[in-house]
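Chemist: Below: one structure in structure tokens.
Any read-out appearing in this document is the output of simple, stated calculations on the displayed coordinates, not a laboratory observation. Predicted model, so just to flag it, every value in this text is computed and none were measured.
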Amino acid sequence: VQFSDSQSASLEVAAEIAALIREKAANNEPCVLGLATGSSPIKVYDELVRLHREEGLSFKHVTTFNLDEYHPMTRENIQSYHYFMHEHLFDHIDIPAQQINIPDGQVKTEDLHQYCLGYEEKIQQAGGLDFQLLGIGRTGHIGFNEPGSHYNSGTRMITLDYITRVDAAPSFLGIENVPRKAITMGIATVRSAKRVVLMGWGQHKAEIIKETVEGTIDSHVPATYLQDHPNCTFVLDDEAASEL
Ligand code: GLP
């Protein structure tokens with residue numbers, strides 16, 4: 001779906017999430033959301049906070065799983081996704097802390113394998129992802145599933161692409177400060193969501209959006225693995241859709 005600007009598009013995405021939360025609450029069912037970081041989802045989170053404050057949208061029965069986190073990374077670090085999520089969403093809504101899940105950037109390397117399996121298990125135990133929100137990196141990554149990621153990959157540690165680290169450099173005040181690794185949900189984890197919405201804003205996303213939507217399904221552009229998801233929508237502004 002194409003919108004003239006990211007603001008109106010973000011309101012639509014937030015409205016869909018709010019409707020899902022209310023529907024699940026009305027049926028007394030848990031609502032499990034997969035959440036993303038980066039600049040793309042910020043306006044969606046702003047609107048969810050507004051709906052909470054002004055229209056009583058409650059997150060008491062919502063469980064969230066974030067896609068990824070840098071490694072190594074402390075929670076307190078302002079560049080952490082942990083910090084980002086609290087700043088933009090969690091500190092402003094009524095979600096119980098124990099229902100928030102974000103990969104832990106401080107897990108010891110020797111414990112990582114077990115930790116990642118545990119993250120997958122937690123998603124299953126929560127009932128699976130009802131909705132997964134995504135942005136896209138210029139490498140075609142979703143979460144931090146860089147080129148080469150397999151379609152059946154699960155949560156794991158990955159090595160970040162050079163382009164991804166270049167894109168992250170400004171917020172880290174230099175590429176030398178950008179971590180080389182991250183923990184990310186896998187392609188299979190993302191694809192297991194019952195509903196997937198990928199957002200792309202701006203001219204700098206136009207080329208990778210074209211490859212993602214029109215290219216052959218291939219691990220060189222991991223986002224192409226969404227093409228055959230049964231319930232996935234790309235929400236784009238005019239600029240991001242300009243090469244289609
Ligand atoms: C990071 C995140 C991705 C995100 C991407 C794009 O790499 N791990 O989940 O999609 O950035 O960021 P932005 O939305 O700022 O363009």
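Chemist: Considering only DSSP beta bridges with both partners in the chain, what is the antiparallel share in %, to the nearest 5? The partial results should precede the final answer.
Modeler: On the way: 9 of 28 bridges.
Around 30 percent antiparallel, to the nearest 5.
Chemist: Do the alpha carbons of any pairs in LYS122/LYS205; LYS108/LYS210; LYS43/LYS181; LYS60/LYS194 sit beyond 31 Å of each other, and which pairs?
Modeler: LYS122/LYS205; LYS108/LYS210
Chemist: Counting only helical runs of four or more DSSP H residues, what would the 222 nm mean residue ellipticity of the chain come to if each run contributes -39,500 (n - 2.57) and the total is spread over all its residues?
Modeler: It comes out at -10500 deg cm²/dmol, rounded to the nearest 500.
Chemist: In addition: Across the range 104-203, how large is the tail of the calculated P(r) beyond 16 Å, expressed as a percent of all Cα pairs? Write out the running numbers ahead of the final one.
Modeler: Details: 3041 of 4950 pairs.
In whole percent, the long-distance tail amounts to 61.
Chemist: Specify the residue with the greatest mean-square fluctuation among SER171, SER80, SER192, computed from a Gaussian network of the chain linking alpha-carbon atoms under 10 Å apart.
Modeler: So, out of SER171, SER80, SER192, the one fluctuating most is SER171.
Chemist: Can you work out the Karplus-derived ³J(HN,Hα) for every residue in the range 17-23? Use 6.51 cos²θ - 1.76 cosθ + 1.60 with θ = phi - 60°, whole Hz, and x for glycine or proline.
Modeler: Result, rounded to whole Hz: 5, 4, 5, 5, 4, 5, 5.
Chemist: Next question. Hey, what's the per residue convex hull volume over the C-alpha atoms of the range 2-237, in cubic angstrom?
Modeler: So the per-residue hull volume is 118 Å³.
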